[in-house]
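The values are calculated or read from the model by the stated rules, or taken from the named source; none is laboratory data. Here the structure is a predicted model, which means the values were calculated and not measured. Ideal geometry is used to build each Cβ from the backbone, glycine not excepted, and the neighbour counts take in all protein chains shown. In case anyone asks, the SASA skips ligands and DNA or RNA and just uses the protein heavy atoms, side chains included. Shrake-Rupley method; radii C 1.70, N 1.55, O 1.52, S 1.80 Å.
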Amino acid sequence: VQWETRCEALEAYVKTRGHCRVREDEEDGLYFWLLDQRKAKRDGKLSKERETALDALGVEWDVRSTVHKSWEDRLSAMRSFYETRGALPRSSEDDALFQWIRQQRRRFEKGELELERVEALDGVCVEW
C-alpha cells in the first residue's frame, strides 16, 4: 500500500475519532504503519515532507511517554476525569485511560489486583 494511501486513511481516522492513537486491532494495519513511520523518523529515514504531513495530523512521535505512565499517574488521571465529568471515560473520550481501567477490572476478576489498588480505585468511584 502506498504511503499516501495510508496517510489518507490516517487523516480519515483522525476526522472520525479526533485523535490518531490507532489501536492495534483497528483499521487494517494502520497501527503497524504508524509504528513504521515512528521508527523511520527515529532512524532519520522519514522525509521532512512526510514528517510535516504526519505532524499536521497530530501524530505523537514518542508514545513511550504516554504508554508507560505509572499506576499512580493513571489513578490520578482517572480521578480527575471522574471529578470533572461525573463518569468514567469511554473509549472515544480517552482510549488510553479507558483501556487502563479495563485492564484493572480484568486483573481484579482474576484475583491479581492488590488490595491497596482495589481500595484506591474504589476511592475514586465504586463502579470502576
Exercise. Looking at the range 106-128, which of the residues that are outside any helix (DSSP H, G or I) and either in contact (Cβ under 8 Å) with a residue 60 or more places away in the chain or over 25 Å from Gly18 (Cβ atoms) (or both) is least open to solvent (accessible area, probe 1.4 Å)?
Worked result: Leu113
Seminar exercise, completed: Pairs returned, first residue in the range 38-67 that is over 19 Å from Thr5 (Cα atoms), second residue that is open to solvent by 50 Å² or more (accessible area, probe 1.4 Å) and modelled with pLDDT of 95 or more, beta-carbon separation under 8 angstrom, 6 or more apart or interchain, are Trp61/Lys41
Problem set entry | Residues being open to solvent by less than 80 Å² (accessible area, probe 1.4 Å) and under 15 Å from the mean Cα position of the chain (by Cα) - total across the range 82-105 | 11
